[in-house]
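Have a look at the structure below before the remarks.
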Amino acid sequence: MEELVALCKRRGFIFQTNEIYGGLQGVFDYGPLGVELKNNLKQAWWSSMVYERDDVEGLDSSILTNPEVLKQSGHEDTFSDPLVDCRSCNARWRADHLETKKCPSCGSEDLTDPRPFNLMFKTSVGPVDDGSSFAYLRPETAQQIFTNFKNVIDSTSRSLPFGIAQIGKAFRNEVTPRNFIFRVREFEQMELEFFVEKGSDEKWHDFWVESRVDWWKAQGISENSLELLYVPKEELSHYSKATVDIMYKFPHGLEELEGIANRTDFDLGSHSKNQKDLKITAKVKENKSSNSKLAVQNRETNEWSVPFVIEPSAGVDRGVLAVLNESYKVENLEDGKERTVLSLKPHLSPIKAAVIPLKRNNKELVDLAYKVKNDLQKLRLGRVLVENSGNIGKSYRRHDEVGTPICITIDFQTLEDGTVTIRDRDTMDQERKGMNDLSGLLKTKLLA
């Protein structure tokens, strides 16, 4: 983990937020390369969920959330962690994260009894902060999907099965943020709520578990680094019929990368009025505040029913950490030296190609490098960069370290015959190609 954190700081992937003021625990900023990697991972998810399927719609909902939503969903009552204080050093810890009954900071056994600590961030709404008008920063993106269920149905005429996908920020006031970007207070989620008929939910749950494992493999995650955890019944969330966690071998240990839950009809049932007429399977509170019936009508029998929902939910930040960890390598070279490589899948690489003029002060080479860069950038395959450091060896090493799939060197032979040197990141092999071949080569490399 220390090597990854150092690389992220050194090469501009991830910074501690407000570092010049001492930072803010559990909050991080994505730098010039980090934002590209993060956006590429999100785009890969969005493409697989929305563009490549004919049964999923997208959504981008608000972060501020009406308190009634989180009251009906059960978050106000159940969204908490067990908190203990050390009476000796005043440190605070999650009770379920303590391996022994000792304070990890000072070793004291003088700890308070665990008490529930609600994880939601609260903020006032309006000009007067008197506690009467407030909202929560959403602790998950899912509830805004559920409350928009009828809007999506009415505007798209969707029928079961279908899904609503969303990528967005969520906020949890973690007691002990830890392990770099693995557990933080401000993070992004990639969530799909897939609505199905009761009775078909177990089949769809199995489908999405298999589908999500395959997707992570396509992002470069080794099958040997993944495990499936079937959450025991006594540990399931209050809304869940069954949950399978995709576990990944992070640097700090085996932890959850993504969860796929069968949420039954709990959520839509909780947010619906006229609950008695809907024959809801899950135990939900009577809702006198909602003005909607979040249900579907059978066209043959005219009966209304609340769909079951399967929820694949992944953390973007955990995904970034996983692909960085999986792709990070230190290789021993034949000359006795080492090179650091991020063997990222090309579609995730922050920089798709680096164009390198052999001599930084030679105007012909530099001008031609920028022309090649501009031509390749028009392909809209991602960021293409001119690397004009003047040292070809160091340029190669830098781009190995940040995961750039290919480097294109403009040299004096280029001025003579229009050919350039193409260097592959993973093999370090080099070959001469004509400039006219570059567009096809880049497409083949990035879209394969």
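Bear in mind that the values in this text are calculations on the coordinates, not laboratory data. Computed from a predicted model, the values in this text were never measured in an experiment. Note that each Cβ is placed from the backbone with ideal geometry, even for glycine, and that neighbours are counted across all protein chains shown.
Tabulated values for the structure
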{"quantity": "Amide hydrogen neighbours beyond the local backbone of Glu258, cut-off 5 Å, H modeled", "calculated": "Ile246"}
{"quantity": "Pair Glu431, Tyr21: separation of 7 Å Cα→Cβ label points (nm)", "calculated": "5.3"}
{"quantity": "Top of Gly269, Gly220, Gly22 by mean-square fluctuation, Gaussian network on the chain, Cα under 10 Å", "calculated": "Gly22"}
{"quantity": "Free-standing Cys residues across the chain, given no other cysteine C-beta under 4.7 angstrom", "calculated": "Cys8, Cys407"}
{"quantity": "The chain: relative contact order in percent, alpha carbon pairs under 8 Å with at least 6 residues between", "calculated": "12"}
{"quantity": "Fewest-first sequence of Asp265, Asp77 by Cβ atoms within 10 Å of each Cβ", "calculated": "Asp77, Asp265"}
{"quantity": "Helical segments meeting 30 Å axial Cα length and Kyte-Doolittle -1.0 threshold in the chain (DSSP H)", "calculated": "none"}
{"quantity": "From the coordinates shown, Cα Rg over 2.2 N^0.38 Å corresponds to which of (i) 1.04; (ii) 0.96; (iii) 1.15", "calculated": "(iii)"}
{"quantity": "Environment charge of Ser289, counting only residues whose C-beta is closer than 11 Å and scoring Lys/Arg +1, Asp/Glu -1", "calculated": "+2"}
{"quantity": "Local electrostatic count at Ser105 - Lys and Arg +1, Asp and Glu -1, tallied over other residues with Cβ under 15 Å", "calculated": "+2"}
{"quantity": "Karplus-derived HN-Hα couplings along the range 47-62 (A = 6.51, B = -1.76, C = 1.60, θ = phi - 60°), whole Hz, x at Gly and Pro", "calculated": "4, 5, 7, 9, 6, 8, 10, 9, 10, 9, 10, x, 8, 9, 9, 6"}
{"quantity": "R0 of 25 Å, Cβ-Cβ distance Asp60-Ala218: FRET efficiency to nearest 0.05", "calculated": "0.55"}
{"quantity": "Cross-link partners of Lys283 among lysines (Cα-Cα below 23 Å; sequence separation of 8 or more within a chain)", "calculated": "Lys71, Lys150, Lys198, Lys203, Lys233, Lys241, Lys273, Lys293"}
{"quantity": "Paramagnetic reach from Gln43 (point 7 Å along Cα→Cβ, amide N under 16 Å) across the range 309-342", "calculated": "none"}
{"quantity": "Positive-end residue, the range 349-447 charge dipole about Cα centroid, Cβ charges, pick of Ser395, Val355, Leu381", "calculated": "Leu381"}
{"quantity": "Phi to ³J(HN,Hα) by Karplus 6.51 cos²θ - 1.76 cosθ + 1.60 over the range 113-118, Hz, x for Gly, Pro", "calculated": "5, x, 9, x, 10, 5"}
{"quantity": "Computed [θ] at 222 nm, deg cm²/dmol, the chain (DSSP H ≥ 4; -39,500 (n - 2.57); rounded to nearest 500)", "calculated": "-8000 deg cm²/dmol"}
